[in-house]
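Peer 1: This is the structure, below, for whatever I ask next.
The values are calculated or read from the model by the stated rules, or taken from the named source; none is laboratory data. As the structure is a computational prediction, the values presented were derived from the model and not from experiment. Here Cβ is always computed from backbone atoms with ideal geometry, including for glycine, and neighbour counts include all displayed protein chains. To get the accessible areas, we keep the full protein, side chains included, count just its heavy atoms, and leave off ligands, DNA and RNA. Shrake-Rupley method; radii C 1.70, N 1.55, O 1.52, S 1.80 Å.
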Amino acid sequence: MSIVIDRRLNDRNKSAVNRERFLRRYKEQIRKSVSDLISKRSITDMDRGGSVNIPTKDIGEPTFHHGQGGDREMVLPGNRKFNRGDKIQRPDGGGGGGGSGEGEGEGESTSDEFAFTLSREEFMNLFFDDLELPHLIRNAVGDVREYKMQRAGYTPSGVPANLSVTRSLRQAMARRIALGAPLRRQISELEAAEVPADEEIAELQKRLDRIPFLDEFDLRFRHRVKVPQPISRAVMFCLMDVSASMTEGKKDLAKRFFTLLYLFLSRKYQRVELVFIRHTDNAQEVDEHGFFHDQQSGGTVVLSALKLMQEIAVARYPSDAWNIYGAQVSDGDAFGADPEKSRAFLNEQVLPLSRYFAYIEVPDDPMRTSPLSYAYQRIESDKFAMSSVTSKGEVYPVLRELFKREAA
């Protein structure tokens with residue numbers, strides 16, 4: 001009897017190789033299921049894995065199986081109504097089968113489905129699969145904040161786990177050759193003499209034999225040192241109008257967009273910092289709770305938030321060491337000369353420091369062009385993009401549009 005022992009480095013009844021092959025082969029079906037799952041999932045659960053359902057008909061494959069074998073006799077049922085070439089009429093009501101008709105139209109939904117569980121990493125890979133950061137090729141690395149161990153030659157001392165057997169034997173061989181060469185040369189000279197000195201040759205041979213094969217100072221250990229590791233890092237400025245016109249529903253849309261953008265940046269950079277700037281007629285840097293929940297009153301002056309962002313970026317996040325991203329959410333209400341001043345300041349002062357700046361508008365009336373949107377439309381820069389969101393289901397499509405992968 002043959003016994004097969006599974007010694008693969010995976011959990012029992014699981015295979016990482018087969019799993020990767022399945023994800024690669026049915027990527028389109030899984031991505032469609034992930035898109036359906038996104039529409040039903042809250043933003044707080046967005047970065048978790050999940051179970052997706054794939055119709056069985058999409059993953060069906062031919063299989064080999066054992067037949068019944070032997071000689072068999074059977075009678076196949078015929079019919080008294082149809083002959084070869086006859087056309088079968090469509091059933092009344094559009095149903096696909098018999099019955100009372102109560103299940104008409106449910107043929108697709110009642111098909112069997114294959115449930116497949118995605119890990120967090122697999123889910124996020126599919127979630128942001130076709131998105132890319134503009135100008136990612138010009139990323140800068142920050143100053144040293146992390147270290148990694150790196151090989152740095154060999155050392156004569158160390159722990160046994162770092163012992164290099166090959167290097168130690170090579171060192172011992174070199175030592176034996178260096179110490180034994182003069183003795184072998186003397187032995188060769190004495191043996192070539194007309195009157196060999198047997199006693200002297202024997203003494204030299206004893207000295208040669210006493211050279212140890214491996215001595216303690218032949219040992220060499222692998223040496224590792226801590227090397228500064230530059231890390232890629234980014235800062236994400238979140239700007240939001242918190243005046244009375246920004247309702248809780250609009251703030252909820254803003255939070256969803258900021259969260260998705262943060263998750264996306266976290267996949268591209270090793271370190272991402274957040275700076276929250278809220279503004280009415282004046283701007284303030286606050287924490288996340290105050291950004292989304294504290295009540296404020298007053299008018300709307302967008303320029304104050306842009307100036308504060310520029311001041312913080314220059315003081316704490318120099319553009320040669322940080323990748324600066326800005327995301328602004330507003331309902332577009334601004335008065336007087338503020339929209340035009342904000343456009344000029346954004347175009348001349350903020351965008352030169354930034355990798356990318358996205359403006360999202362949450363208007364009351366999608367058919368009306370707000371003053372701020374009218375001003376921002378005249379910005380001509382590949383670092384700037386704008387769009388509008390009116391419902392929760394539009395947040396992710398807008399993010400995909402702003403950060404879609406550029407064609408090669």
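Peer 1: Could I have the simple spin-label model distance between PHE82 and SER381, label points 7 Å from Cα toward Cβ, reported in nm to one decimal?
Peer 2: 6.8 nm
Peer 1: If I stretch the segment between ALA192 and ARG210 completely, what's the gain in nm (0.36 nm per residue apart, minus their alpha carbon distance), one decimal? Show your work: numbers first, answer last.
Peer 2: Numbers: separation 18, 0.36 × 18 = 6.48 nm, distance 2.35 nm.
Gain on extension, ALA192 to ARG210, equals 4.1 nm.
Peer 1: Distance cut-off 32 Å, Cα to Cα: go down the list LYS148/LYS268; LYS250/LYS341; LYS32/LYS81; LYS250/LYS383; LYS255/LYS341 and report the pairs above it. Could the numbers behind the result be given before it?
Peer 2: Numbers: LYS148/LYS268 20 Å; LYS250/LYS341 24 Å; LYS32/LYS81 43 Å; LYS250/LYS383 25 Å; LYS255/LYS341 26 Å.
Check vs 32 Å cut-off fails for LYS32/LYS81.
Peer 1: If you don't mind, there's one more thing I want to ask. Send over a whole-number figure in Å² for the accessible area per residue of segment 270-347, probe 1.4 Å.
Peer 2: 43 Å²
Peer 1: Multiply the residue gap between ARG21 and ALA315 by 0.36 nm, knock off their C-alpha separation, and tell me the result in nm, one decimal place.
Peer 2: Full extension from ARG21 to ALA315 adds 101.0 nm.
Peer 1: Give the calculated FRET efficiency between THR247 and GLU340 to the nearest 0.05, with a Förster radius of 22 Å applied to their Cβ-Cβ distance.
Peer 2: Working: r = 26 Å, r/R0 = 1.20.
E between THR247 and GLU340, to the nearest 0.05, is 0.25.
Peer 1: Tell me which trypsin sites (Lys or Arg not before Pro) from segment 307-370 have a DSSP coil assignment and no more than 11 other beta carbons within 10 Å of their own.
Peer 2: Qualifying residues, ordered by number: ARG368.
Peer 1: Taking 7 Å along the Cα-to-C-beta vector as the label spot, tell me the THR63-SER391 distance in nanometres, rounded to one decimal.
Peer 2: 4.1 nm
Peer 1: Shifting gears a bit: If the chain between GLN270 and MET367 were fully stretched, how many nm would it gain, using 0.36 nm times the residue separation less the Cα-Cα distance?
Peer 2: Difference between extended and current length: 30.9 nm.
Peer 1: Round to a whole number: what % of the accessible area of segment 311-380 belongs to carbon and sulfur, probe 1.4 Å?
Peer 2: Working: 1550 of 3110 Å².
C and S atoms contribute 50 percent here.
Peer 1: Can you pull the one-decimal nm distance between simple spin-label points at ALA181 and ALA152, each 7 Å off the Cα toward Cβ?
Peer 2: So the two model labels end up 3.2 nm from each other.
Peer 1: Right, something else. Using a 1.4 Å probe, how large is the accessible area of GLU285, given in Å² and rounded to the nearest 10?
Peer 2: Answer for GLU285: close to 90 Å² accessible.
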